[in-house]
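Q: Take this structure first; my questions come after.
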Amino acid sequence: HDALPIYLMAEVGFARGTGAARRLVQQGAVRIDDERVEDETLVLEPDSDTRVLRVGKRNFLRLLPPSS
């Protein structure tokens, strides 16, 4: 379940818990690489690109690809 943005946001402190993270997704405040996340069950698959998770206007998290 760690690959779901709602768990990731709760773990790094961008939301107080998974419920708050779900509400942020429903309100349209969550983006991955400037694309709005509309599905709270979205699973982030590991790939070779660096991604940026943005929550609100000021919270950014760089998601690095897994090291090989």
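The values are calculated or read from the model by the stated rules, or taken from the named source; none is laboratory data. All values derive from a computational prediction rather than experimental measurement. Neighbour counts run over all protein chains shown; Cβ positions are idealised from the backbone, glycine included. Please note that ligands, DNA and RNA were not included when accessible areas were found on the heavy atoms of the full protein model with its side chains. Shrake-Rupley method; radii C 1.70, N 1.55, O 1.52, S 1.80 Å.
Q: Please work out which one of (1) exposed (fewer than 13 other Cβ atoms within 10 Å of the Cβ); (2) in a loop (DSSP other than H, G, I, E, B) is the condition VAL52 fails and give its number.
A: Against the list (1) exposed (fewer than 13 other Cβ atoms within 10 Å of the Cβ); (2) in a loop (DSSP other than H, G, I, E, B), VAL52 comes up short only on (2).
Q: Please go through region 1-42 and give me each residue that is assigned to a helix (DSSP H, G or I) and open to solvent by less than 60 Å² (accessible area, probe 1.4 Å), ordered by number.
A: PRO5, ILE6, LEU8, MET9, ALA10, THR18, GLY19, ALA20, ALA21, LEU24, VAL25
Q: Another question about this same structure. What's the total number of residues in region 22-37 that are out of contact with any strand residue (DSSP E or B) (no Cβ under 9 Å at 6 or more places or on another chain) and either touching a residue at least 60 places away in the same chain (Cβ under 8 Å) or over 17 Å from GLU11 (Cβ atoms) (or both)?
A: Total satisfying the criteria: 3.
Q: Tell me which residues, restricted to region 55-68, are over 19 Å from ARG23 (Cα atoms), open to solvent by 100 Å² or more (accessible area, probe 1.4 Å) and part of a loop (DSSP other than H, G, I, E, B).
A: Selection gives LEU64, SER67, SER68.
Q: Does GLU45 satisfy the condition of being open to solvent by 50 Å² or more (accessible area, probe 1.4 Å), part of a loop (DSSP other than H, G, I, E, B) and in contact with a helix residue (DSSP H, G or I) (Cβ under 9 Å, 6 or more places away or on another chain)?
A: The answer is no for GLU45.
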